[in-house]
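To keep things clear, I will list the structure first and then write my remarks on it.
The values are calculated or read from the model by the stated rules, or taken from the named source; none is laboratory data. Keep in mind that what you see is a predicted model, and the values were worked out from it rather than measured. All Cβ positions, even for glycine, are placed from backbone atoms using ideal geometry, and neighbour counts span all protein chains on display. All accessible areas refer to the heavy atoms of the entire protein, side chains included, with ligands and DNA or RNA removed. Shrake-Rupley method; radii C 1.70, N 1.55, O 1.52, S 1.80 Å.
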Amino acid sequence: MTKAAAGTRPGHSDRDAWVDKLELELTLVHSVPRELVNRVLAEVAEAVTETEQPAGELFGPAEEYAAVVATERVDVRHRSALDFEGRTPATHFRQGMVAGSIAVLIMTMAGTFSGEELSGASTLLLSLSTSVFVAVGFAVFPALRAAGRTRTAWLYGAGAGVIAAVGVYLAALPAIRDAHSFPFPPFAAAGCGLLLGALGLTVPARVVNRWFSPGEGRRLDDEQWLRRLGELLHGRHGLPLRTAQQHVTEAREHLAATGRGAQ
């Protein structure tokens, strides 16, 4: 949505700044759905046009108004899907893959211009193992944590660490380091980084969320529900493990007292 559509006029930099600030707060700080952001900006535009008053006087500071919108007008289901950083598993994955891509490209450039000669096998091993480690560390681990699957996240992290360590160890072996069986120029390793970024940008968010939360929305029995509650409190919402377990215990006692099902 353009600034003109948001109720600002050319030359009114104060209005432009207020609307820009509101849009940034809604989008980046509170992760408000785009449809609601557009609707709120249209409402601000209409109010400013009708009253001919500055948006700041009508709605107060942009930060405070954004917080009110996020609290009162965002659907509970949407808010519950966000972790303590205000992101979904898909957001973590996509941003992490792009960040990982940049990290691999930087490491590739540093290796290319370091002047150190490596065989094609060593370069390939280092490229693949580094890409796996970066992808898991930047994207998969935080996405799994945001999905409430903390144990699985640590398993993936440990596996990626082992793969990276084995790759570095093998690449440093004299038999592989000095081999010249096939050419694999260092700059070709940048393709691994570009592949990470492309994967993060092209996979739809709903597909990514299904990867990391495969059982989301299915019917759970009481024990499954309580276990899932603990996972979400600790992993997605960042509560200390002991506090999350206390809430689960309280929920279990409440179910026992009422005789009702958790779902």
For H30, H92, the accessible-area ranking with a 1.4 Å probe, largest leading, is H30, H92
Return the distance in nm (one decimal) between the two label points of a simple spin-label model at L201 and Q246, each offset 7 Å from Cα along Cα→Cβ. 4.6 nm
Probe radius 1.4 Å, ligands and nucleic acids ignored: give me the carbon and sulfur share of the accessible area of the chain as a rounded percent. 62 percent
For the chain, build the charge dipole from Cβ charges (+1 Lys, Arg; -1 Asp, Glu) around the Cα centre, then report which of F84, A66, P204 sits farthest towards its positive end. P204
Apply the Kirkwood formula to the chain: the hydrodynamic radius equals the inverse of the mean of 1/r over all pairs of different alpha-carbon atoms; give it in Å with one decimal. 22.0 Å
State log₁₀ I(q)/I(0) for the stretch 216-263 at q = 0.15, 0.17, 0.22, 0.26 Å⁻¹ as given by the Debye formula over alpha-carbon point scatterers of equal weight, solvent excluded. -0.38, -0.48, -0.75, -0.95
Rounded to the nearest 0.05, what FRET efficiency is calculated for L128 and A257 with R0 set to 51 Å and r the Cβ-Cβ distance? 0.40
Using a 1.4 angstrom probe and counting only protein chains, how large is the accessible area of V98 in Å², to 10? 50 Å²
May I ask for the Rg/Rh ratio of the stretch 37-95, computed from Cα atoms with Rh as the Kirkwood radius, given to two decimals? 1.10
State in Å² the accessible area per residue of the chain; use a 1.4 Å probe, count heavy atoms of protein chains only, and round to the nearest integer. 58 Å²
Ignoring trypsin sites (Lys or Arg not before Pro) that are buried or in helix or strand per DSSP, and keeping those with at most 10 other beta carbon atoms within 10 Å, what is the longest stretch of the chain between them? 1-217
Spin-label point model (7 Å from Cα, Cβ direction): what's the A172 to V76 distance in nm? 5.5 nm
May I ask you to compute the full-extension gain from E85 to L155, defined as 0.36 nm times their residue separation minus their alpha-carbon distance, rounded to one decimal in nm? 23.0 nm
Filter the chain for me: DSSP H helices, axial length by Cα at least 27 angstrom, mean Kyte-Doolittle hydropathy not below 0.5. List them by residue number. 89-112, 150-172
